[in-house]
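What follows is a short report on a single structure.
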Amino acid sequence: MEHNKRWVGAKYEEKAIDYLKQRGMTILEHNYRTKQGEIDIIGQQDEYLVFVEVKYRSSAKAGYPAEAVDYYKQRTICKVADYYRYTHGIGDASPIRYDVVGICGEEITWYQNAYYHVGR
């Protein structure tokens, strides 16, 4: 079951990458992992360094995909983003953004600036 969920997740992350590239984002990292957690996609769009979480649901019966990115998930992503910025010499003055790509069935919705930085 876990292997299948990971395969499905990877498939939809690839769809999200294609979608974002078509809309002008340069993909810098995919499945960036640290001890603190993981970020699905790290990209560059215009002046923004963008940290993207991808969520998939086969239907909206269990809620919309983006709703699954709760406070705790946001906090984890922000910790990993801080680590990424630190290890890549990206200062606090650089503009960053936290986006969510929700995929419900075959419909893709891109939420730019989905939430603000959590923690510190």
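The values are calculated or read from the model by the stated rules, or taken from the named source; none is laboratory data. Keep in mind that what you see is a predicted model, and the values were worked out from it rather than measured. Reconstructed Cβ throughout: ideal geometry from the backbone, glycine too, with neighbour counts over all protein chains shown. To get the accessible areas, we keep the full protein, side chains included, count just its heavy atoms, and leave off ligands, DNA and RNA. Shrake-Rupley method; radii C 1.70, N 1.55, O 1.52, S 1.80 Å.
Give me the net charge for the shell around residue 110: Cβ to Cβ below 9 angstrom, other residues only, Lys and Arg +1, Asp and Glu -1. Every neighbour counted, the sum reads 0.
Ranking 98, 86, 72, 19 from most to least accessible surface, computed with a 1.4 Å probe over the protein chains only, gives 86, 72, 19, 98. Of 56, 95, 109, whose Cα points farthest to the positive end of the dipole of the chain (charges on the beta-carbon: +1 Lys, Arg; -1 Asp, Glu; origin at the Cα centre)? Sorting the options by dipole projection puts first 56. Segment 86-109 and segment 61-79 have their alpha-carbon centroids 13 Å apart.
Legend: residues 53, 14, 47, sorted from most to least accessible area (1.4 Å probe; ligands, DNA and RNA excluded), read 47, 14, 53. Pairs from the table (21/73; 35/73; 55/79; 11/55; 35/79) lying more than 21 angstrom apart at Cα are 21/73. For 20, 28, the ranking by accessible surface with the largest value first comes to 28, 20, using a 1.4 Å probe. Note on the chain: GNM, Cα springs under 10 Å; of 67, 29, 13, the largest mean-square fluctuation is that of 67. For the chain, dividing the convex hull volume of the Cα atoms by the residue count gives 106 Å³ per residue. Both radii come from the Cα set of segment 64-113: Rg as radius of gyration, Rh as Kirkwood radius; their ratio Rg/Rh reads 1.06.
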